[in-house]
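Asker: Just passing along the structure, written as structure tokens.
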Amino acid sequence: MELKIAVLAGDGIGPEITAQAIKVINAVCRRMGHDPYYREALVGAVAIDKTGDPYPEETHKICMESDAVLFGAIGDPRFDNDPNATVRPEKGLLSMRRKLGLYANIRPVMTFPSLLHKSPLRKDIVEGAEFVAIRELTGGIYFGRPQGRSEDGNTAYDTCVYHRYEIERICRLAFDFAMKRRKKLTMVDKANVLATSRLWRETMQSLAPSFPEVEVEYMFVDNAAMQIIQWPGRFDVLVTENMFGDILTDEASVITGSLGLLPSASIGMHTSVFEPIHGSYPQAAGRNIANPLATVLSAALMFEYAFNLGAEADLIRQVVDRSLAEGVVTEDIDPVKPESTSEVGDWLAARIEDVTT
Ligand code: IPM
Ligand code: MG
């Protein structure tokens, strides 16, 4: 099969980690008889430096013409400390989400037995926790208008807007996930305060009868923040709006013990995007120390969701499990005897040849 992949490496450690994922994708393709075609494109601070635009039209075109996008990271401290910067790398990510219609961000949260000791939570709390967080990605306060400042500069406002159709499509997706899993769906909102949350609840309640096998529960976001820490194993599929999802998925990601391990998929109307959930980690950029596993696992999601090639995805997950079990890992996981980013990538690619399907 021909796989057309756009590679948007972006900023910071983005180029190093996507390079490792490409080694692994190539190894999988060699073994399973696929032909990958890569097209690189600019995004983030590097794109601002070269073109003035963090998501240039040319990049969008390449994404639209590809079957999947492998995304590294964006963000640069030069912009973070300048509140007056008019263009920001993050704007590139938001434009990409909007233009590709990526309304759903899917983040599987899983624990790795060999890493339980790295979790900030007690082993008995975190053991076996395994859920999927589905975050709405193109609506809510991130995109609502008006947004801005008053003329005197002393007042600022953001607007949270949701339309029923936006809620409905993401809730349907969440039901589909629940049907393929343990059939439990938690919707997180703030319906005791927010009008948008009440529309979310109403919409969810009107869909629920079409999925009688799925048990639906509603949870306020403050309570959810607490329960993710106290009892992560209780969740199966969690669905929520854009900003709550941003916050809760970072929280959920650390219970696994390393932010460097969790992949994500953003899917919607056009080409899907696969990216690690950690950021650009500027302190590590160019040092060959960053953990490539989240990006490699994002490539597994790419095989599964974009190409419908589940066996290929499993090959990748198997070699990642082995690297963790055998300690072929970067310094965030093993500060005593770490391998470099590229050594981990080479090792994984070589192991793809010998795992069993
Ligand atoms: C994420 C990030 C982005 C977001 C930032 C970089 C704009 O935190 O993908 O979760 O808030 O959505
Ligand atoms: Mg975030």
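Asker: I'd like the residue in region 93-127 that is within 16 Å of ligand 2 (Cβ to nearest atom) and assigned to a helix (DSSP H, G or I) and, out of all such residues, is least open to solvent (accessible area, probe 1.4 Å).
Answerer: My answer is Met96.
Asker: Considering only residues that are more than 19 Å from the chain's Cα centre (by Cα) and either closer than 19 Å to Pro276 by Cβ or touching a residue at least 40 places away in the same chain (Cβ under 8 Å) (or both), which ones fall in region 43-53?
Answerer: Ala45, Val46, Ala47, Ile48
Asker: Taking region 219-234, which residues are without any contact (Cβ under 8 Å) to a residue 60 or more places away in the chain, surrounded by fewer than 17 Cβ atoms within 10 Å (Cβ to Cβ) and under 19 Å from Arg182 (Cβ atoms)?
Answerer: Within region 219-234, Gln227, Arg234 qualify.
Asker: Which of the residues belonging to region 148-181 are over 22 Å from Arg198 (Cβ atoms) and open to solvent by 50 Å² or more (accessible area, probe 1.4 Å)?
Answerer: Arg149, Glu151, Asp152, Asn154, Thr155, Ala156, Asp176, Met179, Lys180, Arg181, listed by residue number.
To keep it simple, each residue is scored yes or no on (1) of a type in the set (Ser, Thr, Tyr); (2) open to solvent by 50 Å² or more (accessible area, probe 1.4 Å); (3) free of Cβ contacts under 8 Å to residues at least 24 places away in the same chain.
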| position | (1), (2), (3) |
| --- | --- |
| Pro292 | no, no, no |
| Leu301 | no, no, no |
| Phe307 | no, no, no |
| Asp321 | no, yes, no |
| Asp346 | no, yes, no |
| Arg351 | no, yes, no |
| Asp354 | no, yes, yes |
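Asker: So, one more: If the Cβ limit is 8 Å and pairs must be 6+ apart or interchain, which residue in region 245-258 that is modelled with pLDDT under 90 pairs with which residue that is within 8 Å of ligand 2 (Cβ to nearest atom)?
Answerer: Once the first residue is modelled with pLDDT under 90 and sits in region 245-258, its partners that are within 8 Å of ligand 2 (Cβ to nearest atom) give Asp250/Ile277; Ser253/Ile277.
Asker: For Ile141, which of the numbered conditions (1) within 25 Å of the chain's Cα centre (by Cα); (2) within 21 Å of Asp246 (Cα to Cα); (3) free of Cβ contacts under 8 Å to residues at least 24 places away in the same chain fails to hold?
Answerer: Of (1) within 25 Å of the chain's Cα centre (by Cα); (2) within 21 Å of Asp246 (Cα to Cα); (3) free of Cβ contacts under 8 Å to residues at least 24 places away in the same chain, only one is false for Ile141: (3).
Asker: Quickly run through region 191-201 and pick out the residues that are open to solvent by 40 Å² or more (accessible area, probe 1.4 Å) and over 17 Å from Val216 (Cβ atoms).
Answerer: Asn192, Val193, Leu194, Ala195
Asker: Separate question: Residues to consider are Arg287, Arg317; find the one that is open to solvent by 20 Å² or more (accessible area, probe 1.4 Å) and either over 13 Å from Leu348 (Cα atoms) or within 16 Å of ligand 2 (Cβ to nearest atom) (or both).
Answerer: Exactly one residue qualifies, and that residue is Arg287.
Asker: Shifting gears a bit: Restricting region 291-319 to residues that are among the aromatic types (Phe, Trp, Tyr) and assigned to a helix (DSSP H, G or I), which is farthest from Asn105 (Cα to Cα)?
Answerer: Checked region 291-319; the qualifying residue farthest from Asn105 (Cα to Cα) is Phe303.
Asker: Is at least one residue of region 58-77 modelled with pLDDT under 95 and open to solvent by 50 Å² or more (accessible area, probe 1.4 Å)?
Answerer: Scanning region 58-77 turns up at least one residue that is modelled with pLDDT under 95 and open to solvent by 50 Å² or more (accessible area, probe 1.4 Å).
Asker: Would you say Val273 is open to solvent by less than 20 Å² (accessible area, probe 1.4 Å), touching a Lys or Arg at 6+ places or on another chain (Cβ under 9 Å) and either closer than 27 Å to Gly44 by Cα or not in a helix (DSSP H, G or I) (or both)?
Answerer: For Val273, the condition - open to solvent by less than 20 Å² (accessible area, probe 1.4 Å), touching a Lys or Arg at 6+ places or on another chain (Cβ under 9 Å) and either closer than 27 Å to Gly44 by Cα or not in a helix (DSSP H, G or I) (or both) - is met.
Yes/no per residue for (1) out of contact with any Ser or Thr (no Cβ under 8 Å at 6 or more places or on another chain); (2) at positive phi; (3) within 15 Å of ligand 2 (Cβ to nearest atom):
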| position | (1), (2), (3) |
| --- | --- |
| Pro232 | yes, no, no |
| Gly245 | yes, no, yes |
| Leu248 | no, no, yes |
| Ser266 | no, no, yes |
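Asker: Do any helices (runs of 4 or more DSSP H) lying entirely in region 1-92 carry at least 2 residues that are within 22 Å of Ala311 (Cα to Cα) and of a type in the set (Gly, Ala, Ser), and which ones are they?
Answerer: 14-32
Asker: Inside region 1-13, can you point out the residues that are of a type outside the set (A, V, I, L, M, F, W, C) and either touching a Phe, Trp or Tyr at 6+ places or on another chain (Cβ under 8 Å) or free of Cβ contacts under 8 Å to residues at least 12 places away in the same chain (or both)?
Answerer: Glu2, Lys4, Gly10, Gly12, listed by residue number.
Asker: Still on this structure, please answer the following. Looking at Phe211, is it aromatic (Phe, Trp, Tyr), away from ligand 2 (no atom under 16 Å from the Cβ), in contact with a Leu (Cβ under 9 Å, 6 or more places away or on another chain) and in contact (Cβ under 8 Å) with a residue 60 or more places away in the chain?
Answerer: For Phe211, the condition - aromatic (Phe, Trp, Tyr), away from ligand 2 (no atom under 16 Å from the Cβ), in contact with a Leu (Cβ under 9 Å, 6 or more places away or on another chain) and in contact (Cβ under 8 Å) with a residue 60 or more places away in the chain - is not met.
Asker: Just to be sure before I move on: is Leu248 in a strand (DSSP E or B) and either of a type outside the set (Gly, Ala, Ser) or open to solvent by 60 Å² or more (accessible area, probe 1.4 Å) (or both) in the structure I sent?
Answerer: Taking the combined requirement at face value, the residue does not satisfy it.
Asker: Here's something else I'd like to know. (1) away from ligand 2 (no atom under 16 Å from the Cβ); (2) in a loop (DSSP other than H, G, I, E, B); (3) surrounded by 18 or more Cβ atoms within 10 Å (Cβ to Cβ): which one isn't true of Ser280, the others all being true?
Answerer: Failing condition for Ser280: (1).
The values are calculated or read from the model by the stated rules, or taken from the named source; none is laboratory data. Values in this document were obtained by computation on a predicted structure and should not be read as measured data. Counting neighbours? That spans all protein chains shown, and the Cβs are built from the backbone with ideal geometry, glycine included. Each accessible area value is taken on the protein alone, full model and side chains, heavy atoms only, with ligands, DNA and RNA left out. Shrake-Rupley method; radii C 1.70, N 1.55, O 1.52, S 1.80 Å.
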